[in-house]
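Encoded as structure tokens, the structure appears first; notes follow it.
Derivation of every value follows stated rules applied to the coordinates shown; laboratory data play no part. It should be emphasised that the depicted structure is a prediction, and the values quoted were computed from it without experimental measurement. Don't worry about glycine lacking a Cβ; one is built from the backbone with ideal geometry, like all the others, and counts go over all protein chains shown.
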Amino acid sequence: MPHAGQWHSGAEEFSAYRHQSIVISPPPRWMDGFVGWSEILGKTYLGEVFHDFKHCADESIRDAQVSGLALIFYYGHTNIGAEGADYDQSPAVDLGGEAGFKTMLDRLHRAGCRVMLLDHLHRWINSEAPQYAADGLSRYAVRDQSGKPIEARWWKETFLSCRRLAGPTPVWHEMCPFCRPWLDVYLRHVTTMIERGVDGLELDTLLPIDACYSAHHGHEVGAKLLPVKLEFLRAVRAHAKALNPEFAIFGEATFPECREHLDGYYPHRFVDENGRIYRYTFPELTQQAVRVGNYAYDAVNKALSLGIGVETEIQGLRTTTLRHCPELARYIGEVNRFKRKHPELLIRGAFRDTVGASAGGGALWSVLEADGAKALVLRNATSKPINTRARLDGVDGQRLVLWRPFKGEKALRRLPVNIHLGPYEPAVLMAMSE
């Protein structure tokens, strides 16, 4: 595809081409002010409990009041726990059971929070769970060329995963999305989640293996599974939205066609600097997040510069940001207050990468645009202070404002402007109509 100029021109050509065949599905109304989520752990498949349902509500409400992250991504709510690929999605007894789960949701909703659960059931089932054999689920398993089920073993807890545990170990079998009975199982699961009051599901490891070689699923032996999984997702979305239009479906995928079926994205846990190319090519991809670990201030700045949210994973999900990194929680809250003050520009604005601005002195920068307004987001991504001289193009006659964390907004008279940035410090230069 020929084009003239730098990579932006090529990205614009490719974006126009791809969007000819992609119909974007609108997210729920409550996601208009999306700034990310806080992810915490309930229990692991090793039996370690970190947040039972009461503790989850206690800690999440406190954290949200400071960080402004009102979407709680709860991980490991079932009896087997996180990474257990449990077929039985009932709330774990040792976390509080059905009653405790309902109380947690009620408390979080009253506090203005919403709850999303991590979901593997759309694709994986624990082959050692008793229901796997009892319900004959192996007949829906994706098969390899030798006829054996596709199997995955969770790897994070390397030493402990090699031990024989009292309960099911994390040995997963992948379910074939072509099997209508399996789709019916999953649709009943979505119905149950909505009836319980859950606000959304994050379909983890969303995309299937390349092909299924079963001769008993109704497809050709060796059939490609991606087109079938997209139709699976289409059915899931239609079913969920018919029951509750405000139910959110997130997914761990960057495949463009998934955008027709998902409301939010878990595409890059870190979003490296190359992520801005993807962000520029698919500007509608605002409901995603940059992973923020312990004291990762620059990751918060990166999310601000990309016009997307943050996803906090503190101490391996074992605690909240406020509990372990209170200064970081306050910093996230400061950035989120600023973004919510200018949502059209800083939350829903179009990402323009570096087009229409300039900055020197080693600063990284990006431009966001919305309805004639522009924001130049500057970042010092180093451990040493820098001085930068920054300007926005085409903003003559507009009101100029400079924002800095914990210093607020300051009116400017003219551009360019010299700005001193401390280590890992951002600044935002805005041009808006009077």
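Ordering S60, V142, P426 by Cα displacement along the dipole of the chain toward the positive end leaves P426 in first place; charges were set at the Cβ atoms of Lys, Arg (+1) and Asp, Glu (-1). Here the Gaussian network model covers the chain, with springs between Cα atoms less than 10 Å apart; of G222, G76, G68, G222 fluctuates the most.
Given a cut-off of under 8 Å on Cα pairs at least six residues apart, what relative contact order in percent is computed for the range 352-432? RCO, the range 352-432: 34 percent. For the range 7-346, the residue among G47, M193, Q89 whose Cα projects farthest onto the positive side of the dipole built from Cβ charges is M193. At R0 = 35 Å, how high is the FRET efficiency between F14 and D88 if r is their beta carbon distance? Nearest 0.05 is fine. Efficiency for this residue pair is about 0.20.
Please get the size of the charge dipole for the range 7-346, origin at its Cα centre, with Cβ charges of +1 on Lys and Arg and -1 on Asp and Glu, quoted in debye to the nearest 20.
Details: 38 positive and 44 negative charges, 60 e Å.
Rounded to the nearest 20 debye, it is 280 debye.
Charging the Cβ of each Asp and Glu at -1 and of each Lys and Arg at +1, and nothing else, the dipole of the range 319-360 about its Cα centre rounds to 180 debye.
Per-residue ellipticity at 222 nm for the chain, helices alone: DSSP H runs ≥ 4 residues times -39500 (n - 2.57), over residue total, nearest 500 deg cm²/dmol?
Helix contribution divided over all residues of the chain: -8500 deg cm²/dmol.
Available extension along the chain between R153 and R413 is 87.6 nm, counting 0.36 nm per residue and deducting the alpha carbon span. Toward the positive end of the charge dipole of the chain, with +1 on the Cβ of Lys and Arg and -1 on the Cβ of Asp and Glu, the farthest Cα among H120, A363, P343 is that of A363. Sorted from greatest to least, the principal axis extents spanned by the alpha carbons of the range 352-432 come out as 35, 25, 18 Å. Considering every alpha-carbon pair of the range 197-261, the percent of pairs per 10 Å bin, from zero through the bin containing the longest distance, is 19, 45, 27, 9, 0. Dividing the mean sequence gap of close Cα pairs (under 8 Å, 6+ apart) by how many residues the range 1-118 holds gives a relative contact order of 24 percent. When restricted to Cα atoms, the chain yields an Rg and a Dmax of 23.1, 73 Å, respectively.
Between R139 and E284, the simple spin-label model (points 7 angstrom out along Cα→Cβ) gives 3.9 nm.
By the count of neighbouring beta-carbon atoms within 10 Å, fewest first, K148, K102, K374 end up ordered K148, K102, K374.
I need the calculated FRET efficiency for the pair V355 and E231, taking r as the beta carbon distance and R₀ as 35 Å, to the nearest 0.05.
On the way: r = 37 Å, r/R0 = 1.06.
Step by step, r from the Cβ atoms, then E = 0.40.
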